[in-house]
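A.B. asks: I'd like to ask some things about the structure below.
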Amino acid sequence: MTSSATANYNNRQINELWDDLAEGYFNLGRADPDAKITKTTLKDANDNMVQFIINKLQISEDSHILDLGCGMGMYTVQIAARTGCQYIGTDINEAYLKKAELLAQQHGVADKGRFLASAWGDLSKEVLSEQYSHVLCLGALLYGHPILETALQEIALCCGPLTKVLIWDLVRRGADIGRANLHLKMPHVLATKEEVFQAISESQLELTEFEDVGRYVVPGYKVLSEESAKRDPEKKVLTFYLMLEAIEAGKLSYVLYYCKLK
């Protein structure tokens, strides 16, 4: 590894890898932890996760989902395309929202919902003016870890008595997450799952189920690491190696929190 090695998550090479291997998704999805790396594709893993969410949360044509931190809208749009549900997707990145709108048009679900600019601590009034059958937060809460109380309160404000909440989060285990800090490049320390448990217990949300899903993302990180090595043999970009290293060492994990309004 060279002394100039970087782990910038927004690096062009990294984005190209996601585009080539995940076909529009920007997440690890849910892969068989025992699958051969050569048999694992990120698109399939993410397709599996979309269907898992639909089945687990019983999302249907009658549902109205809110996807907080929707990124480029792949999960929002795929769920709407498969179920016919209504949706609102939010993100802080205006460029991502434009891509999400285009994606919705391409999949024939633009008339089912809309995408709005919004951020933790400043959730759009338009978002808060509605209530939803389901609230999804698939990888965005980690950016709200410094203001967990506020973020969880905003989620609760979007819920009615029957709303199902699913939070897919990245958490640390212990004080040291090693070199993965190079990858995250975040101005704050990630919360532990215990800290998130505590914050949920003190919020208007009730935790109904929890699942550690780190094992399901390891195959995806292995695929990304292998392909990255082919394209970057000098390992100037360390992102996927560092994340895989931290997860396999038990320093980081992905988790699912299922919640409802108290």
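A.B. asks: Mind checking the full-extension length gain between Gln58 and Leu207? Use 0.36 nm per residue of separation minus the Cα-Cα distance, one decimal, nm.
C.D. replies: 51.9 nm
A.B. asks: Under 25 Å from the Cα of Lys235, which lysines turn up, not counting those fewer than eight places away in the same chain?
C.D. replies: List returned: Lys36, Lys39, Lys43, Lys185, Lys222, Lys251.
A.B. asks: So if I take the alpha carbon set of the chain, get Rg, then get Rh from the Kirkwood formula, what is the Rg over Rh ratio?
C.D. replies: Computed over Cα atoms, the ratio is 0.95.
A.B. asks: Using alpha carbons only, what's the Rg to Rh ratio of segment 135-262 with Rh from Kirkwood?
C.D. replies: 1.03
A.B. asks: What accessible area per residue comes out for the chain, rounded to a whole number of Å², with a 1.4 Å probe?
C.D. replies: In whole numbers, the chain has 46 Å² accessible per residue.
A.B. asks: Considering only DSSP beta bridges whose two residues both sit in the chain, what percent are antiparallel, to the nearest 5?
C.D. replies: Around 45 percent antiparallel, to the nearest 5.
A.B. asks: How about Lys112: which lysines have a C-alpha closer than 23 Å to its C-alpha, ignoring those fewer than 8 places off in the same chain?
C.D. replies: Partners found: Lys56, Lys98, Lys99, Lys125, Lys164.
A.B. asks: Using the basic label-point model (7 angstrom from Cα toward the beta carbon), what is the Gln13 to Ser124 distance in nanometres?
C.D. replies: About 3.6 nm separates the two model spin labels.
A.B. asks: May I pose another question? Would you please classify the overall shape of segment 196-262 from the alpha carbon gyration tensor, given that a ≥ b ≥ c denote the square roots of the eigenvalues, rounded means a/c under 1.5, and beyond that prolate means a/b larger than b/c while oblate covers the rest?
C.D. replies: Verdict is prolate for segment 196-262.
A.B. asks: If you don't mind, there's one more thing I want to ask. Would you mind putting 146-157, 189-200 in packing order, based on average other-beta-carbon counts within 10 Å, highest first?
C.D. replies: Result, highest mean Cβ count within 10 Å first: 146-157, 189-200.
A.B. asks: Largest first, how would Leu162, Leu205 line up by accessible area (1.4 Å probe)?
C.D. replies: Largest to smallest exposure gives the sequence Leu162, Leu205.
A.B. asks: Suppose the chain between Ile92 and Tyr258 were pulled fully straight at 0.36 nm per residue; how much longer would it get relative to their current alpha carbon spacing?
C.D. replies: 57.4 nm
A.B. asks: Related question: State the percentage of accessible surface on the chain attributable to carbon and sulfur atoms; use a 1.4 Å probe and exclude ligands, DNA and RNA.
C.D. replies: Here it works out to 48 percent.
A.B. asks: Counting only DSSP beta bridges with both residues in segment 42-158, tell me the antiparallel percent, nearest 5.
C.D. replies: Roughly 5 percent of the beta bridges in segment 42-158 run antiparallel, per DSSP.
A.B. asks: Another question, then. Where does segment 95-166 land on the Kirkwood hydrodynamic radius, alpha-carbon pairs, in angstrom?
C.D. replies: Hydrodynamic radius (Kirkwood, Cα only) of segment 95-166 equals 13.5 Å.
A.B. asks: While we're here: Please report, in debye to the nearest 20, how large the charge dipole of segment 29-82 is about its Cα centre when each Lys and Arg carries +1 at its beta carbon and each Asp and Glu carries -1 there.
C.D. replies: With only Lys, Arg, Asp and Glu charged at Cβ, the dipole is about 200 debye.
A.B. asks: Follow-up question, since we're still on this one. Along the positive direction of the dipole of segment 124-261 (beta-carbon charges: Lys, Arg +1; Asp, Glu -1; about the Cα centre), which of Tyr132, Val218, Leu157 reaches farthest?
C.D. replies: Value computed over the given set: Val218.
A.B. asks: Normalising by the residue count of the chain, find the relative contact order in percent from Cα pairs under 8 Å and 6+ residues apart.
C.D. replies: 23 percent
A.B. asks: Rounded if a/c is under 1.5, else prolate if a/b is larger than b/c, else oblate: which is segment 1-151, with a ≥ b ≥ c the root eigenvalues of its Cα gyration tensor?
C.D. replies: Judged from the Cα gyration tensor, segment 1-151 comes out oblate (a/c at least 1.5, b/c at or above a/b).
A.B. asks: Just subtract the alpha-carbon distance of Ala249 and Phe197 from 0.36 nm times their residue separation and send over the number in nm, one decimal.
C.D. replies: 16.5 nm
The values are calculated or read from the model by the stated rules, or taken from the named source; none is laboratory data. Treat the numbers as computed from the prediction; the structure is a model and nothing was measured. Glycine gets a Cβ as well: all are built from the backbone with ideal geometry, and neighbour counts include every protein chain shown. When the accessible area is computed, the model is the full protein with side chains, heavy atoms only, and any ligands, DNA or RNA have been set aside. Shrake-Rupley method; radii C 1.70, N 1.55, O 1.52, S 1.80 Å.
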